[in-house]
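Okay, structure first, notes after.
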Amino acid sequence: EELKIKQEAVNYVIANYYYHSKPGITLGELFEVGKKAYSTAGYPGEWENHIQGGIAGYKPLEFLVLPGSKVTVDNNNILGWNPTIKGAKAEDPTLVQNGEAIQFSIDKRWPYSEVEVEGKKFLRPDILEKS
């Protein structure tokens with residue numbers, strides 16, 4: 001049960017990263033989005049234990065989400081997100097296109113939950129359990 005709660009919380013954090021991944025936002029602003037999402041989810045400070053993600057390019061993460069970063073997100077950027085809460089992790093890329101983040105790594109064979117951020121819904125994988 002504890003692992004499920006942590007996974008739901010980390011899915012909330014990544015959904016916030018998705019929602020706010022829009023052209024013009026800086027990686028420093030996205031860093032603050034993540035910190036707030038961890039606190040809202042009940043895990044303040046957990047962001048300190050792992051790299052949160054950033055803009056991908058020729059390397060998996062060309063520019064990291066860091067405090068005060070002035071690097072801005074543009075249309076057609078791929079962002080790799082990987083927030084963690086001890087024992088749980090979310091890791092997914094997203095494409096910024098037409099002014100918003102698009103999820104493209106959904107496999108309908110896996111169980112998912114919807115996570116809502118400011119009225120927008122994102123699919124996030126659940127923990128696969130044997131029945």
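Structural remarks
- Scanning the stretch 104-117 for residues that are touching a residue at least 60 places away in the same chain (Cβ under 8 Å) and either more than 27 Å from Ser39 (Cβ to Cβ) or touching an Asp or Glu at 6+ places or on another chain (Cβ under 7 Å) (or both) turns up just one, Ser113.
- Residues within the stretch 111-121 that are open to solvent by less than 50 Å² (accessible area, probe 1.4 Å) and modelled with pLDDT of 95 or more, tallied: 2
- Residue in the stretch 65-75 that is in contact (Cβ under 8 Å) with a residue 60 or more places away in the chain and of a type in the set (S, T, N, Q) present: no
- Residue list for the stretch 88-110, restricted to those being more than 23 Å from Asn77 (Cα to Cα) and open to solvent by less than 50 Å² (accessible area, probe 1.4 Å): Ala88
- Of all residues in the stretch 30-64, those satisfying the criterion of being open to solvent by 30 Å² or more (accessible area, probe 1.4 Å) and over 19 Å from Val10 (Cα atoms) are Ala56, Gly57, Tyr58, Lys59, Pro60, Leu61, Glu62, Phe63.
- Complete set of residues in the stretch 1-29 that are acidic (Asp, Glu) and either crowded, with 21+ Cβ neighbours inside 10 Å or closer than 16 Å to Thr84 by Cβ (or both): Glu2, Glu8
The values are calculated or read from the model by the stated rules, or taken from the named source; none is laboratory data. Small disclaimer: the values here were computed from a predicted structure and weren't measured. Cβ coordinates were reconstructed from backbone atoms using ideal geometry, including for glycine residues, and neighbour counts include every protein chain displayed. Just so you know, the surface numbers come from the protein's heavy atoms only, side chains and all, with ligands and any DNA or RNA stripped out. Shrake-Rupley method; radii C 1.70, N 1.55, O 1.52, S 1.80 Å.
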